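Some notes on the structure that comes next.
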Amino acid sequence: MFQATRRRLALWYTTVTAVLLLVFATAVYLYVRSTLIERVDDTLKHVVEVVERSLVIQQVDESVIPYRINVESSFRDNVEAVEDDRIELEWFSPRGELLWSTFSEPLDIPLHPKQTGETVYLADNHLLRQFTKRMEIGRYVLGYLRVSHPWFEVTKPIRQLIVDLTLATVVMILSTAAIGWLLSELAMKPVRESYQRLKQFTADASHELRNPIATIQTNVQVALADPDMDPQWQRQQLKVVERLTQRLGRLVNDLLFLARVDSGMVQPEWQTVPLDALLLEVIEEQQLVAAEKGIALSLHIVETPHPDFGFSIADLGKSAAVELDEVALQGSVSQLSAGATQTPKTDEDAFTLQGDWNQLARLFTNLVSNALQYTPSSTEELSKAWVQVQLQQLKSPGKGGRHALSLIQVQVRDNGIGISESALPHIFDRFYRADPARTYTTAAGSGLGLAIAKAIIENHHGNIQVESGIEGGTTVTVILPAYKPDAHKRTYVNN
């Protein structure tokens, strides 16, 4: 399929270029030909003017034609001059009779006095370019002067031009065909890759949907096959079906979100978002999962000192850290055990940005849940498992140092199993898992979490980076533009 499309692209490219080259070559040919003919006509007209000035006019005592031309005296001095230019002269009487000629044999060509030159064909397939002028004094016609020039002065360079243009056009068309073939490969490469991604995406989506559907179908068939099934067993089967339907619902919602992002239908509901408060909520929500696995989940807020105290970026390490080591969830009330050192006055808007609260909450929930999911539980044999979320503000001088660029950085670090170097470039691909078999032995997700996270970050004009290694833990760094109340334009973070 792609080869056929590639051939069609190359053929269209070559055809269009060939047509343009042919049009260009034709235009060059016509221009050069008209220029050569114009030069020959100018030469003929110049000869006519020279001969006209040298005509010897005699007055005779005749009432009908009182003047006549002395042919011998008029053309004697012009013959040698025109021979060098291959120009032939003919003089005709007022009645059209040939009186004098430089041709060895008279031409059987009628007179056509015109203001422009004309091309005439001879019997021996020779061509001449001629210009004829009527000579007169007042209302008396003295005769006709016809000047001829060989046409090969035009055809010879024209033929050479045709050969050169033909060779150049053929070479250009062949070169264009080769270049078109290469360019079509470059053009088809992203299409082929996109098609492969779509094909893989479709296969993965089908796989993700087929397994729970098949399991649901099996459980329903078992329940229908035994009408006297034990209620406890039946309840257990219904719970399995419920879990699978919830999983299907999450998967469909994720697919719908990504599809709407791709089509540009998802636009953030911009509002002022205090990122520190949002991260506190995310940590509270994930703390129960962390406690079940024995993982220490904490949030560190590195606050930038207020300018009045003279602190610099180098002092970031001396600022406060808020650790959420224990969170007891009781309804909607959360109790935080925090160990915070005394810090100077800070800017209340340091961690405020313009964004969509729900999308940002989804982003950091995905990142934290991924970190918890791929961090083994703490045991006596293993070291203490931990997941840390660090929030801090970055400032760098703008152009000329006149304006500061305010950014917010969130890092999610863990000491889990890590990600191999070969898998890092693909972790944001949809349905991708580091396990080549893509089984559920270590993960129960659909493989869409990081793809959704990247889409949300791009919607907020931010950047995300991942550093990891096998058994070396993972660090995910998210950088977002901070909110400036006095700024009219949003800051963009280059990817």
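Here are the numbers:
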{"item": "For region 190-205, Karplus couplings with θ = phi - 60° (6.51, -1.76, 1.60), whole Hz, Gly/Pro x", "result": "x, 5, 5, 5, 5, 5, 5, 5, 5, 5, 5, 4, 5, 5, 5, 4"}
{"item": "Highest-first arrangement of 226-235, 138-147, 156-165, where packing means the average Cβ count within 10 Å", "result": "138-147, 156-165, 226-235"}
{"item": "Residues with amide H under 5 Å from that of Ala296, placed H, sequence gap 5 or more", "result": "Ala385, Trp386, Val387"}
{"item": "Region 118-195: relative contact order as a whole-number percent, Cα under 8 Å and 6+ apart", "result": "18"}
{"item": "Cα gyration tensor, region 2-157 - rounded (a/c under 1.5), prolate or oblate", "result": "prolate"}
{"item": "Separation of alpha-carbon centers, region 45-60 and region 180-209, rounded to whole Å", "result": "83"}
{"item": "Across Lys293/Lys454; Lys189/Lys454; Lys239/Lys454; Lys133/Lys156, pairs whose alpha-carbon gap is larger than 30 Å", "result": "Lys239/Lys454"}
{"item": "Global geometry of region 232-294, whether rounded, prolate or oblate, following the gyration tensor of its Cα atoms and the 1.5 cut on a/c", "result": "oblate"}
{"item": "Ordering of 351-359, 188-196, 170-178 by burial proxy (mean other Cβ atoms within 10 Å per residue, highest first)", "result": "351-359, 170-178, 188-196"}
{"item": "Amide proton proximity set for Leu142, modelled H, under 5 Å, gap of 5+", "result": "Met135, Glu136, Ile137"}
{"item": "Fewest-first ranking of Ser377, Ser184, using other Cβ atoms within 10 Å as the exposure measure", "result": "Ser377, Ser184"}
{"item": "Residues whose placed amide H lies under 5 Å from that of Trp100, excluding near-sequence neighbours", "result": "Trp91"}
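Rule-based calculations on the coordinates, nothing more; no lab input. Just so it is clear, the structure is predicted and the values come from calculations on it, not from any experiment. All Cβ positions, glycine included, derive from the backbone under ideal geometry; neighbour counts span all protein chains shown.
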